[in-house]
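The values are calculated or read from the model by the stated rules, or taken from the named source; none is laboratory data. Computed from a prediction, not measured in an experiment: that's the story for all the values here. Cβ: placed from backbone, ideal geometry, glycine included. Neighbour counts: every protein chain shown.
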Amino acid sequence: MTDPAPAQAMAAQLKWWQKGIIYQIYPRSFQDSTGDGVGDLRGITARLPYLKSLGVEAAWLSPIFTSPMHDFGYDVADYCDIDPLFGTLDDFDALVQEAHGLGLKVMLDYVPNHSSADHAWFQEALKGKGSEKRDWYVWRDPGPDGGLPNNWKSFFGGPAWTLDEASGQYYLHQFLPSQPDLNWRNPAVREAMFDVLRFWMRRGVDGFRVDVIWLLAEDERFLDEPVNPEWLPGDIEHNSVQHIYTQDQPETHQYIREMRAVLDEFEDRMMVGEIYLPVEQLLPYAGTEDAAMVHLPFNFHLILRPWQAQAVREFADSYDAACLKIGTWPNWVLGNHDQHRFKSRVGAAQYRVAQTLLLTLRGTPTVYYGDEIGMDNVRIPLERMVDPAGLQQPDSPAASRDPERTPMQWDATANAGFSPAAATPWLPLADDYQTTNVQAQQADPHSDLSYFRALTALRQQHPALVGGAYHSVDSGHEDVFAFRRSLGGETLTILLNFGAGEHVLGDVAAGHTLLSSRNDQPRSGAGLRPNEARIILT
Ligand code: NOJ
């Protein structure tokens, strides 16, 4: 065996956001310390040792700022304060201090594309065309027919324009009418929003997840977007047009370069951008050495593509190569607060295959809370649905994001240890919480949680899994994706069986098994069993 020390040193040169795992917390659903049925900052702070025990590097908190909560915090009424539902600035400072003491980084969700209509800036803008903040938002006169300025659509259904009757003008909102788009063309808006970043970085925040960063600018001509010929009635309305004027505009790239310069005023900070685009348009968001943009452009393609061995291999090969070509660090995501739980998507049998893939591909993994214990989508009865994306689009039931936002399952007591027993959690708990919970899985060496920890422990012990080169190998079987990670003379082979058949792999599988998703140590050369994931020291 080779000496891992030099490899360890090579992997150690990576930045924290390259070598570590980002863990996304949806604060409403993590831990309720007050008994109001909604999670909060003190709850999160109390659970930080759990995060540490998972072997993750950073906690990203979905928005915790002052908000009327029409979009559960993605409608910010004060960018520099904490919503009382979650706590206070003092609670936040305590959280950061505790996290840093444990060696964990803290990332916030920065929502620059739109504010809440309750924000003082928008309230001022509503005073009329002469308001000093009028141009902080995007206003248009009615179209030639006296109606909407153009055919732009909101992500949540309906037009992206709402009439302000007092002035006779429409304002733009790519999401709810209560989420007016900020006008990033106005330098004063950019400066104010950059000061928000400085405010939090001075408080010790290590990084940001940037909400819908690819939507910041719109084409100035305000032309109709072309109709999408592939759209079928029943699909969400937002997809009925092609977003050539509202997404991925050249000006957006410039604004992100400016944003990055603000981050670079501070040491060792990072940002990861939420961007749903094909790889050719996605990777340029990393910028270049001379004109850097986001550190990581979120790669959602494992969510968006079919769950098949060859399709995943093809994507992983091309994405890894594309990242190498432009010198960008890769990243991988299986779930977040906008996407159905990955276990529900790929099926229970494939759950560990997917988890293994996420934590062994080259690049930073982002893990959504609860995925480490195998939380599933929770069916939410219509009368308990609260997500505006679902409520506004009753014809597209899958649009609701409530099923993936349910309370964390800590133990088998009432309310799963999320809220005190007397409370009513803001969303219903999963039916299976008495068996699928942290406490039960902690005690079981064969549980999903133990498997997750075994994977993160392997990442610590084998730097090749973190910093090593990636290349896929022919497994000889349609259903088996096999790849190697190599660094400093050490090579690990990852075998993933996407199917229900057993396969003998020969030389590809030679070596000593370090971990099998089947909780045992199969001999070298043994067949890869149905739905098995195996990591081999080659
Ligand atoms: C993307 C966020 O992830 C989503 O939850 C939110 O509804 C929209 N942006 C609007 O901010």
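Is there any pair linking a residue in segment 269-280 that is basic (Lys, Arg) to one that is away from the ligand (no atom under 16 Å from the Cβ) and at pLDDT 95 or above, with Cβ under 7 Å and at least six apart or on different chains, and which?
ARG269/MET201; ARG269/ASP206; ARG269/GLY207; ARG269/LEU263
Can you name the residue in segment 96-127 that is out of contact with any Lys or Arg (no Cβ under 8 Å at 6 or more places or on another chain), more than 16 Å from the ligand (Cβ to nearest atom) and outside any loop (DSSP other than H, G, I, E, B) and, of all such residues, is farthest from ARG185 (Cα to Cα)?
Filtering segment 96-127 for residues that are out of contact with any Lys or Arg (no Cβ under 8 Å at 6 or more places or on another chain), more than 16 Å from the ligand (Cβ to nearest atom) and outside any loop (DSSP other than H, G, I, E, B), the one farthest from ARG185 (Cα to Cα) comes out as GLY101.
Taking the condition of being free of Cβ contacts under 8 Å to residues at least 60 places away in the same chain, within 16 Å of the ligand (Cβ to nearest atom) and either among the polar types (S, T, N, Q) or outside the structural domain of ARG405 (by TED's automatic domain parsing) (or both), how many residues in segment 18-74 meet it?
Counting residues in segment 18-74 that are free of Cβ contacts under 8 Å to residues at least 60 places away in the same chain, within 16 Å of the ligand (Cβ to nearest atom) and either among the polar types (S, T, N, Q) or outside the structural domain of ARG405 (by TED's automatic domain parsing) (or both) gives 2.
Can you tell me which residue within segment 326-342, out of those that are assigned to a loop (DSSP other than H, G, I, E, B), surrounded by 19 or more Cβ atoms within 10 Å (Cβ to Cβ) and of a type outside the set (Ser, Thr, Tyr), is farthest from the chain's Cα centre (by Cα)?
PRO330
Is it the case that ARG209 is surrounded by 13 or more Cβ atoms within 10 Å (Cβ to Cβ), within 19 Å of ILE326 (Cα to Cα) and either assigned by TED's automatic domain parsing to the domain that holds ILE64 or of a type in the set (Asp, Glu) (or both)?
Spelling it out, it is not the case that ARG209 is surrounded by 13 or more Cβ atoms within 10 Å (Cβ to Cβ), within 19 Å of ILE326 (Cα to Cα) and either assigned by TED's automatic domain parsing to the domain that holds ILE64 or of a type in the set (Asp, Glu) (or both).
Would you mind stating whether THR436 is in contact with a helix residue (DSSP H, G or I) (Cβ under 8 Å, 6 or more places away or on another chain) and assigned to a loop (DSSP other than H, G, I, E, B)?
When the stated conditions are applied, THR436 passes them.
Rundown of residues vs (1) among the aliphatic types (A, V, I, L, M); (2) away from the ligand (no atom under 16 Å from the Cβ); (3) in a loop (DSSP other than H, G, I, E, B); (4) in contact (Cβ under 8 Å) with a residue 24 or more places away in the chain, yes/no style:
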| position | (1), (2), (3), (4) |
| --- | --- |
| ASN151 | no, yes, yes, yes |
| PHE156 | no, no, yes, yes |
| SER167 | no, yes, yes, yes |
| GLN179 | no, no, yes, yes |
| ARG185 | no, yes, yes, yes |
| MET193 | yes, no, no, yes |
| LEU197 | yes, yes, no, yes |
| TRP200 | no, yes, no, yes |
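Any residue in segment 505-522 that's assigned by TED's automatic domain parsing to the domain that holds HIS446: show its pairings with residues that are part of a strand (DSSP E or B) at Cβ separation under 8 Å, as long as the two are six or more apart or on different chains.
Close Cβ pairs satisfying both conditions: none exist.
Being surrounded by 20 or more Cβ atoms within 10 Å (Cβ to Cβ), touching a helix residue (DSSP H, G or I) at 6+ places or on another chain (Cβ under 6 Å) and either of a type in the set (A, V, I, L, M) or assigned to a loop (DSSP other than H, G, I, E, B) (or both) is true for just one of VAL367, VAL312, VAL353, VAL378. Which residue is that?
Exactly one residue qualifies, and that residue is VAL378.
Could you run through segment 338-350 and say how many residues are closer than 17 Å to TYR451 by Cβ and either in contact with a helix residue (DSSP H, G or I) (Cβ under 6 Å, 6 or more places away or on another chain) or within 16 Å of the ligand (Cβ to nearest atom) (or both)?
Step one: list which residues in segment 338-350 are closer than 17 Å to TYR451 by Cβ, which gives 341-343, 346-350.
Applying the additional criterion that residues be either in contact with a helix residue (DSSP H, G or I) (Cβ under 6 Å, 6 or more places away or on another chain) or within 16 Å of the ligand (Cβ to nearest atom) (or both) yields 341-343, 346.
The number of residues fulfilling the criteria is 4.
Quick check: is even one residue across segment 97-104 in the same structural domain as ASP78 (by TED's automatic domain parsing) and surrounded by 19 or more Cβ atoms within 10 Å (Cβ to Cβ)?
Yes, there is a match, as at least one residue in segment 97-104 is in the same structural domain as ASP78 (by TED's automatic domain parsing) and surrounded by 19 or more Cβ atoms within 10 Å (Cβ to Cβ).
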